[in-house]
Amino acid sequence: MKPLLLGMNNPLSDDPEFDLYPYPEGSAGYRLWKLLPEGTARAQYLAAFDRRNLLRARQWSAAEARVAAQALLPELAGRLVVVLGSDVRAALGLSKVAPLSLNESWLHPSPDFSMMLRWVALPHPSGRNLWYNNKANRLRASDLLERIMRGAVS
């Protein structure tokens, strides 16, 4: 099973095909794709990851996200999930973690061990998130995504 990139919602489309899609320029999917090593084709990004947004709505709602997360949890069993943003993490009921701390494991078990969910946390790749402005943070996120893409993190 491919690793899953799990985002919030797509303000441009409610079509699941376009969840975290690497276009248009500046979108969350585009920013994720651009975090991968230079020369990574869009087709490689699309082939390497399953992509999904928690909500099929153009506006984010924490209450609706919690309901959607509960419905989604059984589908995440056995998956490696890249949880994008604290809002998605909170909706899933996952513990707060420091993003990509150098002193901790990137992989976190789910609170419900019967699900066998493994997840990593990345700040949401929106243009409003300043975490990615720091070059060291971008490099850590890039390294993690590249390792996941080639199957070195599972």
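Per-structure values
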quantity	calculated
Single match in Arg89, Arg138, Arg52, Arg79 (criterion: basic (Lys, Arg), out of contact with any His (no Cβ under 8 Å at 6 or more places or on another chain), at pLDDT 95 or above and at negative phi)	Arg52
Selection from the range 127-144 of residues that are open to solvent by less than 50 Å² (accessible area, probe 1.4 Å), of a type outside the set (Phe, Trp, Tyr) and touching a helix residue (DSSP H, G or I) at 6+ places or on another chain (Cβ under 6 Å)	Asn137, Ala141, Ser142
Residues satisfying the stated conditions in the range 22-48, i.e. surrounded by fewer than 22 Cβ atoms within 10 Å (Cβ to Cβ) and among the aromatic types (Phe, Trp, Tyr)	Tyr23, Tyr30
Residue list for the range 1-20, filter: open to solvent by 60 Å² or more (accessible area, probe 1.4 Å), over 24 Å from Leu117 (Cβ atoms) and either touching a helix residue (DSSP H, G or I) at 6+ places or on another chain (Cβ under 9 Å) or of a type in the set (S, T, N, Q) (or both)	Leu12, Phe18
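The values are calculated or read from the model by the stated rules, or taken from the named source; none is laboratory data. Note that the coordinates shown come from a computational prediction; the quantities given were computed from them, not determined experimentally. For neighbour counting, all protein chains shown are included, and Cβ atoms are generated from backbone atoms with ideal geometry for every residue, glycine included. Heavy atoms of the whole protein, side chains included, go into the accessibility calculation; ligands, DNA and RNA do not. Shrake-Rupley method; radii C 1.70, N 1.55, O 1.52, S 1.80 Å.
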